[in-house]
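The values are calculated or read from the model by the stated rules, or taken from the named source; none is laboratory data. The model shown is predicted, which means the values in this text are computed figures rather than measured ones. Please note: Cβ atoms are built from the backbone with ideal geometry, for glycine as well, and neighbour counts cover all protein chains shown. When the accessible area is computed, the model is the full protein with side chains, heavy atoms only, and any ligands, DNA or RNA have been set aside. Shrake-Rupley method; radii C 1.70, N 1.55, O 1.52, S 1.80 Å.
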Amino acid sequence: MILRLKIDYRTTWGERVCVSGGLTELGEWNSDKCPEMVLVGGETWELVLDLPYEEIPSFEYKYLVKNDDGSVIWEFGKNRSFSLASKKYEILDLLDSWRSGKETENVFLTKAFSDIVFRRTDRKPFSMGRKKVTHLFQVKAPKLAANQVLCILGEPEALGAWDLKKAVPMSDEEFPLWKVGVKIQKPGPVSYKYAIYEKDSMEFIRWEGGENRVSYAGIESNPKRLVVTTDAFTHQEDELWKGTGVAIPVFSLRSKDRSRGAPGH
């Protein structure tokens, strides 16, 4: 199987983007042995590996930047993971977005928000289904209310051809990560955008901010190829989350020795 990893990252002089992971070809998490990616144009870095299928079904990886001075910068967050349970694919393209620790949305990835504040009890299971999926889209949208669902719309017919009534709902099984698999037969770049809908009625609520997104997966159309486009977050910068809480002075909390927790002692 051909494994291609791509990511956009603006480097400065002396920096190289690398991939580290559990595979032997990725250095087995040894940053000194992980392979360097190749700059293929603009800010896009690519790594192509020809691997036995047995090594592909489930593996973890993560991007890092090495500098000539020996310093290393890892991307933010947990290890990336990917699982592929079918042998029907011969080419796997992973199109990723760099995860920055400076993103304000990172705070909403904690369990305090995902399991309590924005808790979702009736989650939609994710499945590749019986259809021949060619593209898998996934993105984090942690601030959606329980009565809202994230959808994707785009230029190809498989993504609704920009018709608001044909939006494709995404799975929240791994919330705050949303994902969906579709079959796109048209070769070339895919133009798309995320939108928020009311969960039960599927009434359109609003688009995400920013310009249309584009997934540059190449011009080839191969039924045995799977393109996985992973975006960092939906563009919802205009929505400031507000919450309320209770402030408790630490000195007012009682300890086992009650006298220690009382003022004046």
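Here are a few things to note about the model shown:
- Among ASP68, ASP200, ASP163, ASP8, the sequence by solvent-accessible area, most first, with a 1.4 Å probe is ASP200, ASP68, ASP8, ASP163.
- Mean projected area of the Cα convex hull of the range 1-46, taken over all directions, amounts to 3.5 nm².
- Exposure ranking of GLU15, GLU36, GLU25 by accessible area [1.4 Å probe, largest first]: GLU36, GLU25, GLU15
- Computed from the C-beta positions of ASN222 and ASN147 and an R0 of 45 Å, the FRET efficiency is 0.70 to the nearest 0.05.
- Rel. contact order, % - alpha carbon contacts under 8 angstrom, at least six apart, the range 130-214: 33
- Accessible area per residue (1.4 Å probe, heavy atoms of protein chains only) ranks LYS132, LYS124, LYS66 as LYS124, LYS132, LYS66, with the largest value leading.
- In terms of the mean number of neighbouring beta-carbon atoms within 10 Å, the peptides 205-214, 143-152 order highest first as 143-152, 205-214.
- With a simple spin-label model that places each label point 7 Å from the Cα along the Cα-to-Cβ direction, the separation between SER127 and LYS88 comes to 1.3 nm.
- Total charge dipole magnitude, the range 1-102, about the Cα centre, Cβ charges on Lys, Arg, Asp, Glu only, Debye to nearest 20: 380
- Residue pairs, from the table LYS166/LYS193; LYS78/LYS102; LYS6/LYS193; LYS6/LYS124; LYS88/LYS199; LYS88/LYS186, whose Cα atoms sit over 25 Å apart: LYS6/LYS124; LYS88/LYS199
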